[in-house]
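Below: one structure, written as structure tokens.
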Amino acid sequence: MTIRSVVAAAWERSAASRATGARRELAQARRSAADGWMATPPSLTLLHTTDRLNRNDGAREVEAELEVPLRTPGVRAAGAATAEAEATVLEGELTAARLGVAGEVREAIWKLRLAHTEVEANERRVADAEALAADVERRVRAGDLARVDANNARASVLIARVALADAVARVQREQRLYAALTGNAPIPGDTESPPASAELDAHPLLIAARAAADLARARLHEASTATRDHPELILGVKRERGEFGEHYANTTSVGVRVPFGSEARNRPLIGAANAEVIEAETTATQQRERLRAEAEAARAEVEQAQQAEAFAAERARLAADSRQLLAKAFELGQIDLPARLRAESEAYDADLALSRARLDSGRAASRLKQAYGLLP
């Protein structure tokens, strides 16, 4: 498994992914509706006139009228542009949601790796402590060391086992969280290296913010274009006679109802749309500034993590050398057991710090890619 495949598995399990098909169908339905010439569904009026209740001379009249609200070309084009902008916003939101899932997966992977590293380090610590305790017990029986040294050695074993139990509990916790996020996908073996260079212009969050601003401008244009109600095409059919014995006369009619508009009609809609434009454009500007700050901070974190890894490697080398020298001195009886235990503890802490520093370097690289909006 790779990080990319784990992200894909987590994305398939996410709510945003499962709703993608329905949301795209909705966007397509809006585009289809915006491309049509009818503004709203047509209405049918049926009218029947008779003199049966008063004179009953046979006068009959049946009239049917179909009213079809139509979009003007300008309103239709503005509505189509708004629907297209809504579809673009949807795709931007989906990409941003996928990036969010990638960020959660990246953090979960590094937390789980760190937990496993601590378990492995504590297992080595327990093994070393047990070996030292066995050596101390042998020397106590031989009369070279006091019984209190054996007690201290056994206490160090218990301390190491407690730390190991805590590390195992953290692994189990992180494993459950990772499984809930990814569907229990195997832990990927690959790592991410920091990008040499990247541009924020392609960041999914910035693209989504720009798309939202474009949508707000499209809605403002649509509100400014539709200054009156939609005109209606009227198609009528009439069938009538004056009295009994006359033949029915059939007539047809075609008419257009053109409503008058006023500036005050859409003033609330235009005001709301204009406020939406200002808010969306401000959000896009602030989003870019925030992303730039996060990218700079992530880049600095990578540099700091690399320096910390170098320092931790040198510390581990020195602690290992001191441990080896003090172990020989303890065997020769030149130092006491507490000094030896301190050397073991320092070597363990240095090894664990080096392992953590290496993981922090990898996590910093992943966070830098996340800051630039780069998917695995």
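So here's what we get for this one:
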read-out	value
Residue among Ala364, Ala327, Ala353, Ala300 that is farther than 20 Å from Ala131 by Cα, part of a helix (DSSP H, G or I) and touching a Lys or Arg at 6+ places or on another chain (Cβ under 8 Å)	Ala353
Verdict on Ala327 being surrounded by 13 or more Cβ atoms within 10 Å (Cβ to Cβ), over 29 Å from the mean Cα position of the chain (by Cα) and modelled with pLDDT of 95 or more	no
Pair list, Cβ under 9 Å, 6 or more apart: the range 1-19 residue under 13 Å from Tyr178 (Cα atoms) and in a helix (DSSP H, G or I), other residue modelled with pLDDT under 95 and of a type in the set (Asp, Glu)	Ile3/Asp190; Ile3/Glu192
Residues (modelled with pLDDT of 95 or more and either of a type in the set (S, T, N, Q) or in contact with a Gly (Cβ under 9 Å, 6 or more places away or on another chain) (or both)) located in the range 145-172	Gln172
Top-ranked residue in the range 330-350 [being assigned to a helix (DSSP H, G or I) and acidic (Asp, Glu); ranked as farthest from Ser156 (Cα to Cα)]	Glu331
Checking Thr251 against (1) loosely packed, with under 15 Cβ neighbours inside 10 Å; (2) assigned to a helix (DSSP H, G or I), the condition it does not meet	(2)
Residue among Glu331, Glu309 that alone is without any contact (Cβ under 8 Å) to a residue 60 or more places away in the chain and in contact with a Ser or Thr (Cβ under 7 Å, 6 or more places away or on another chain)	Glu309
In the range 188-211, residue surrounded by the fewest Cβ atoms within 10 Å (Cβ to Cβ) [restricted to those that are among the aliphatic types (A, V, I, L, M) and in contact with a Lys or Arg (Cβ under 7 Å, 6 or more places away or on another chain)]	Leu200
Candidates Val119, Val126, Val101, filtered to the one that is in contact with a Ser or Thr (Cβ under 7 Å, 6 or more places away or on another chain) and either in a helix (DSSP H, G or I) or at pLDDT below 95 (or both)	Val101
From Leu326, Leu291, residue being more than 30 Å from Arg228 (Cα to Cα), touching a His at 6+ places or on another chain (Cβ under 6 Å) and not charged (D, E, K, R)	Leu291
Unique match (being part of a helix (DSSP H, G or I) and exposed (fewer than 12 other Cβ atoms within 10 Å of the Cβ)) among Glu289, Glu281	Glu289
Pairs where the first residue, in the range 94-116, is over 13 Å from Lys369 (Cβ atoms) and the second is of a type in the set (Phe, Trp, Tyr), C-beta under 6 Å, 6+ apart	Arg98/Trp11; Val101/Trp11; Ala108/Tyr178; Leu112/Tyr178
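Let's see how each residue does on (1) small (Gly, Ala, Ser); (2) in contact with a strand residue (DSSP E or B) (Cβ under 7 Å, 6 or more places away or on another chain); (3) surrounded by 17 or more Cβ atoms within 10 Å (Cβ to Cβ):
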| site | (1), (2), (3) |
| --- | --- |
| Ala34 | yes, no, yes |
| Met38 | no, yes, no |
| Ser43 | yes, yes, no |
| Leu46 | no, yes, no |
| Arg55 | no, no, no |
| Val68 | no, yes, yes |
| Arg71 | no, no, yes |
| Val75 | no, no, yes |
| Ala78 | yes, no, yes |
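Listed here are the residues, each with its yes/no results for (1) surrounded by 12 or more Cβ atoms within 10 Å (Cβ to Cβ); (2) part of a helix (DSSP H, G or I); (3) hydroxyl-bearing (Ser, Thr, Tyr).
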| site | (1), (2), (3) |
| --- | --- |
| Ser224 | yes, yes, yes |
| Val256 | no, no, no |
| Arg265 | yes, no, no |
| Ala272 | yes, yes, no |
| Gln306 | yes, yes, no |
| Ala312 | yes, yes, no |
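The values are calculated or read from the model by the stated rules, or taken from the named source; none is laboratory data. Remember, predicted model here, so these are calculated numbers, not experimental data. Ideal geometry is used to build each Cβ from the backbone, glycine not excepted, and the neighbour counts take in all protein chains shown.
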